[in-house]
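Engineer: Here it is, the structure, as structure tokens.
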Amino acid sequence: MSLADPTVDTISDHDLARPDPGRRGRSGFGRLLRSEVRLVFGRRRNQILLTVLGLVPLIIGTAVRLSNDGGSGDGPPFLNQITDNGLFLVFTALVVSLPLFLPLAVAIVSGDALAGEANLGTLRYLLTVPVSRSRLLVAKWLGSAAFAASAVGTVVLVGLVTGIALFPVGRVTLLSGTSVALSEGLVRGVGVGCLVVISLLGLVTIGLFVSSLTEVPVAAMATTVVIAVISAVLDGLPQVKVLHPYLLTHHWYDFDQLLRLSPDTGLLLTGVGVQLAYIAIFGAAAWSRFTTADVSA
Amino acid sequence: MTNPVTIAQEGRSAGPPGAAPSAAAVPDPATTDSTDVADVAIASTALTKRFRGGQVAVDAVDLAVPPGAVYGFLGPNGSGKTTTIRMLLGLVAPTAGSATLLGRGMPAAGRTVLPRVGALIEGPAFHPYLSGRANLARLDAADRTADPRTARHRIDAALARVGLGNAAGKRYRQYSLGMKQRLGLAGALLQPRDLLVLDEPTNGLDPQGTREVRTLIRELASDGTTVFVSSHLLAEIDQICSHVGIMSRGRLVLQGPLAELRGEQDAVLTLQTSAVPPAVDILRGLGLTVTEAGGDVVRAAAETAGAPAVQDVAVALVAAGVPILGLALTRPTLEELFVALTGEGFDVAR
């Protein structure tokens, strides 16, 4: 078939589908968002990231089951509770994934969001479709946030299934010593998952901002991971205690409050507030950069 | 040696008036902003881009592309064509000056104007791990004006139109350079367009593909679509353009209808003969200025005014017994035009 094949009936069809600017507002955004989500989750690299995250609870659970030993206080938190109640595998896996695996997964996807499109050159075509830069930024944020949620969801779900399959599951003994029904334990588990997702949203936004600064996706990914690591390092230095409350990662492990009979809601809200602050600041920075920058890639 | 226009005009005793952009066709963006029907498809006023390093990539360019034209935007690599196109499309903010597309000011009116504009900018760019069809679906999904119910149909039609129907399901990374270029064109043809901006559309295509693109451009133009096509290959564009604009070192050194620009150039009479000295005498006798005589070739500037027609020259030569091995009247190619205007070769500018 040639470029100029006269047998192809295109002209009349084109006339029927005359573009009508401004006709479809919100549904148009829904379509962009679906396309964005499909792009993120359809990418082999991102599927592998989720698979690796799913392996974390699987490996921990298998190791604990085979050794039939909850350990004697060594190892990550909740590890010795797993043999009593498989539900704790979820929490152990989250604690193990939070220092590196989860931030890495989030940084790879959010750091790639804009820089990846710029690097491929697809950004200039999206913008001349046209997609407004603000809309694209929001779609990219939502796509990256959806991936962060799925990353946490994968750890929680695989942890839960593995825990149920390998260990006894019943009434849940909370950290405060009280035991609650399994159903309540599950609800608290879902709450923990949500808290962890929220605590990653600040990093999602930072990744998106860094991504708007460069056309080299790897640089954006690495920078985002490094920011998370630096925050964790500073959080471990008592000398900079004054900074601690404002650090991105300071409240990441507060989710254990939900495993107490009376959680410190003030502490949890502070953690959420810090994330909202990071979202607001870096969201604004990303917007101001991305909506004004020359696209020369 | 800063202003090629000046050099070109000084270098030629009778400099063509067309060297200056035809000011009549340049509208004031402020007055045309609100009109829906544009009397120019693309216009720019003193459009300038100075990069952060201080380098002036585009220097006070006044484009005027009439609707329905096939406008060849020519210039060597690095002459500022792509930066100009990026400014027209709202990707790069101009340092100074303004531009309108289809009568609306850019980039402010991008939301309403760009859906009517198909673009190929500095080569195709797609996601390598998605198929050709999935890549077009992504572009279509991003278009708020596109009807999702007709998406499948429009995508298939665009793929068929560029001859990619059979490779639609293949991953983009497996495409050859020519196929990638075709997919880029398909992206520009997803919707009916009033204006196509095609930056180097034949890059990477084989001669057959190049011919096909030229045919496609002619077809689209005959439907009334204005086509703004850039190229660093002058000969390629020569054949399809109604208008040309020539860039050199960031400046638009020439712009206008191609026929007019050609007409302003002196035609050259080339005579091949075994008797050069008598031929020279006869040509001079006919009032022609002989520019070159040597070997078995005589060239003369065949001025449009007062010059004898070629057949009269032939008759005079034959009457004088000068053997004619060959006689031709040629107009300069775009490349020669460019060299004449800028005094430099059509090479990378900087």
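Engineer: Subtract the Cα-Cα distance of A:Asp294 and A:Arg45 from 0.36 nm times their separation in residues, and report this length gain in nm to one decimal.
Structural biologist: Length gained, A:Asp294 through A:Arg45: 86.8 nm.
Engineer: Turning to a different aspect of this structure: Mind checking the mean number of beta-carbon atoms from other chains within 10 Å of the Cβ atoms in B:131-144?
Structural biologist: Per residue, the number of nearby Cβ atoms from other chains is 6 on average.
Engineer: Still on this model: How big is the dipole moment of the stretch B:161-279 about its Cα centre under a simple scheme where the beta carbon of each Lys and Arg is +1, that of each Asp and Glu is -1, and everything else is neutral? Debye, nearest 20, please.
Structural biologist: 680
Engineer: Per residue Cα convex hull volume for the stretch B:39-162, in cubic angstrom?
Structural biologist: Numbers: hull volume 17.7 nm³, N = 124.
Hull volume over Cα atoms, normalised by residue count, gives 143 Å³.
Engineer: Compute for the protein assembly as shown: radius of gyration divided by Kirkwood radius, i.e. Rg/Rh, restricted to C-alpha atoms, rounded to two decimals.
Structural biologist: Taking Rg over the Kirkwood Rh, I get 1.15.
Engineer: I'd like the orientation of helix A:88-97 relative to chain A: the angle between its Cα long axis and the longest Cα principal axis, in ° from 0 to 90, rounded to 10.
Structural biologist: In chain A, helix A:88-97 runs at an angle near 60 degrees to the longest axis.
Engineer: Okay, next question. Quick one: putting +1 on the C-beta of Lys and Arg, -1 on the C-beta of Asp and Glu, what dipole do you get for the stretch B:4-263 around its Cα centre, in Debye to the nearest 20? Before the final figure, lay out each step's value.
Structural biologist: Numbers: 28 positive and 22 negative charges, 204 e Å.
Computed about the Cα centre, the dipole is about 980 debye.
Engineer: Taking the Cα centre of the stretch A:26-290 as origin, sum charge times position over the Cβ atoms of Lys and Arg (+1) and Asp and Glu (-1), and report the length of that vector in debye to the nearest 20.
Structural biologist: Working: 17 positive and 12 negative charges, 220 e Å.
With only Lys, Arg, Asp and Glu charged at Cβ, the dipole is about 1060 debye.
Engineer: Shifting gears a bit: In the protein assembly as shown, what percentage of the DSSP-assigned beta bridges are antiparallel, given to the nearest 5?
Structural biologist: 70
Engineer: Still on this structure, please answer the following. What is the packing order of peptides B:198-211, A:163-176, B:311-324, A:137-150, taking the mean over residues of other C-beta atoms within 10 Å and listing the highest first?
Structural biologist: A:137-150, B:198-211, A:163-176, B:311-324
Engineer: Now a separate question. Take the alpha-carbon centre of the stretch B:275-328, take the same for the stretch B:122-174, and report the distance between them in whole Å.
Structural biologist: Cα centroid of the stretch B:275-328 versus Cα centroid of the stretch B:122-174: 58 Å apart.
Engineer: Dipole of the protein assembly as shown (Lys/Arg Cβ +1, Asp/Glu Cβ -1, origin at the Cα centre): which of A:Val190, A:Pro217, B:Ala141 lies farthest to the positive side?
Structural biologist: A:Val190
Engineer: Determine the shielding of peptide A:31-37 by partner chains: average, over its residues, the number of Cβ atoms on other chains within 10 angstrom of each Cβ.
Structural biologist: For peptide A:31-37, the averaged partner shielding equals 4.
Engineer: Within a Cβ distance under 12 Å of B:Thr202, other residues only, what is the Lys/Arg minus Asp/Glu net charge?
Structural biologist: Working: positive: B:Arg182, B:Arg211, B:Arg214; negative: B:Asp199, B:Glu200, B:Asp206, B:Glu212, B:Glu236.
My count for the surroundings of B:Thr202 gives -2.
Engineer: Just to confirm the number: angle between the C-alpha axis of helix A:182-211 and the first principal axis of chain A, 0 to 90 degrees, nearest 10?
Structural biologist: Once rounded, the angle reads 40 degrees.
Engineer: Additional query: Amide H neighbours of B:Leu198 under 5 Å, counting only residues 5+ apart in sequence or on other chains, H built in-plane at 1.01 Å?
Structural biologist: Residues meeting the amide H criterion: B:Leu120, B:Phe228, B:Val229, B:Ser230.
Engineer: Let me ask another. So how far apart, in nm, are the two label points at B:Ser222 and B:Glu335 if each is 7 Å from Cα heading toward Cβ?
Structural biologist: 2.9
Engineer: Identify the residues of the stretch A:145-160 with backbone N under 20 Å of a label point that sits 7 angstrom from the Cα of A:Val37 along the Cα-to-Cβ direction, or state none.
Structural biologist: In the stretch A:145-160, the label zone of A:Val37 (backbone N under 20 Å from the point 7 Å along Cα→Cβ) covers A:145-158.
Engineer: Residue by residue through the stretch B:182-199, what is 3J(HN,Hα) from phi via Karplus (6.51 cos²θ - 1.76 cosθ + 1.60, θ = phi - 60°)? Round to whole Hz and write x for glycine and proline.
Structural biologist: Each residue of the stretch B:182-199 in turn: 5, 5, x, 5, 4, x, 6, 9, 5, 10, x, 10, 8, 9, 10, 10, 10, 8 Hz.
Engineer: Which cross-chain or sequence-distant (5 or more) residues have an amide H under 5 Å from the amide H of B:Ile42, H modelled 1.01 Å from N in plane?
Structural biologist: Residues meeting the criterion, in which the H sits 1.01 Å from N, are B:Val65, B:Leu102.
Engineer: Return the Cα extents of the stretch A:26-290 along principal axes one, two and three, sorted largest first, each rounded to a whole Å.
Structural biologist: The Cα atoms of the stretch A:26-290 stretch 59, 41, 32 Å along the principal axes, largest first.
Engineer: Can I ask one more? Give me the one-decimal nm value for the distance between modelled label points at B:Ala293 and A:Thr62, 7 Å along each residue's Cα-to-Cβ direction.
Structural biologist: About 9.5 nm separates the two model spin labels.
Where a number appears in this text, it was derived from the coordinates with a stated rule and is not lab data. Just so we're clear, the structure is a prediction, and the values are computed from it rather than from any experiment. Because the Cβ atoms are built from the backbone with ideal geometry, glycine has one as well, and the counts that use them run over all protein chains shown.
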